[in-house]
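For reference, the structure discussed in these notes is given below.
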Amino acid sequence: MEGKETREEMEKSGMIDTWMRKHRLIYTGATKHPFILSIRDGTVDFEAFKTWLGQDYIFVRAFAPFVASVLIKAWKESDDSSEMEVILSSMASLNDEIAWFKSEAAKWGVQLSEVVPQKANQDYCRFLESLMSPDVEYTVAITAFWAIEAVYQASFALCLEDGSKTPAKLREACRRWGNDGFGQYCNSLQKIANRHLGKTPDDVLTKAEVTLLRVLEHEVEFWNMSHGAA
Ligand SMILES: Cc1ncc(CNC=O)c(N)n1
């Protein structure tokens, strides 16, 4: 804990921004991972991309029930009906996303039914499952949800910036999460998370911060499966 800002001061800018400043190194580790940088500079190994594709398909199948669990918490615990609608629209996008993974895998000759989840993926999916418990507060779950989406948004947006040399065959994948609409959606999630973090008891606030850090660590491990893991 930095202890310089009071909680009241931190809430003016939003807890998420405060945490992003405090944990910038690990956030950067998750969003500017060597695998992402290799896509951006055009040196990516296509076998690594295929590994990511197969593993992420498995992840997204576990992510959908996690999002459903957040929807249930929003329905039970939120006093703002628009929050449920943001989460519901995310579920609808996941339907498209799963279809996209299937057609993309076919293009690359990846047999999805034969993909075996690697340890980092299993660990991440198990972590998601732990967050689905009714004992996990909505504030904690929505913070994790924001972080999971924000890492992909920031990572893939980097591959689309001016001057990036992302191979043409990978641009569509990068646009899925790096496009402005997905950025707006992440901002909506961030606003929801900030609103709840601003009025939650200190013990839940601490749980949310720890959960956010766990997400960032899992994201780094997830990228490591495709690149950089010894
Ligand atoms: C490992 C990981 N993290 C975040 C996302 C983005 N959310 C849904 O698609 C994803 N696909 N995979």
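The values are calculated or read from the model by the stated rules, or taken from the named source; none is laboratory data. Just so it is clear, the structure is predicted and the values come from calculations on it, not from any experiment. Cβ atoms come from the backbone with ideal geometry, glycine included; neighbour counts cover every protein chain shown. Accessible surface is based on the protein model in full, side chains and every heavy atom, while ligands, DNA and RNA are left aside. Shrake-Rupley method; radii C 1.70, N 1.55, O 1.52, S 1.80 Å.
Structure notes:
- Screening Arg171 on (1) farther than 24 Å from Glu83 by Cα; (2) within 13 Å of the ligand (Cβ to nearest atom) shows it passes everything except condition (2).
- Every condition in (1) within 23 Å of Glu221 (Cα to Cα); (2) within 18 Å of the chain's Cα centre (by Cα); (3) away from the ligand (no atom under 14 Å from the Cβ) holds for Tyr138 except the one numbered (1).
- Selection status of Asp180, closer than 27 Å to Lys50 by Cα, more than 15 Å from the chain's Cα centre (by Cα) and not β-branched (Val, Ile, Thr): yes
- Extreme residue, farthest from the ligand (Cβ to nearest atom), among residues of the range 32-59 that are within 16 Å of Arg171 (Cα to Cα) and β-branched (Val, Ile, Thr): Thr43
- Answer residue from the range 60-70, given it is buried (at least 20 other Cβ atoms within 10 Å of the Cβ) and within 29 Å of Glu161 (Cβ to Cβ) and is farthest from the ligand (Cβ to nearest atom) among those: Val67
- Taken over the range 73-87, the residue count meeting the criterion of being surrounded by 15 or more Cβ atoms within 10 Å (Cβ to Cβ) and either free of Cβ contacts under 8 Å to residues at least 60 places away in the same chain or not hydrophobic (A, V, I, L, M, F, W, C) (or both) is 5.
- Odd one out for Asn95, checked against (1) part of a loop (DSSP other than H, G, I, E, B); (2) open to solvent by 30 Å² or more (accessible area, probe 1.4 Å): (1)
- Cross-chain or 6+ apart pairs with Cβ under 7 Å, the range 138-166 first and within 22 Å of Ala74 (Cα to Cα) and of a type outside the set (Lys, Arg), then at pLDDT below 95 and open to solvent by 20 Å² or more (accessible area, probe 1.4 Å): Tyr138/Glu77; Tyr138/Ser78
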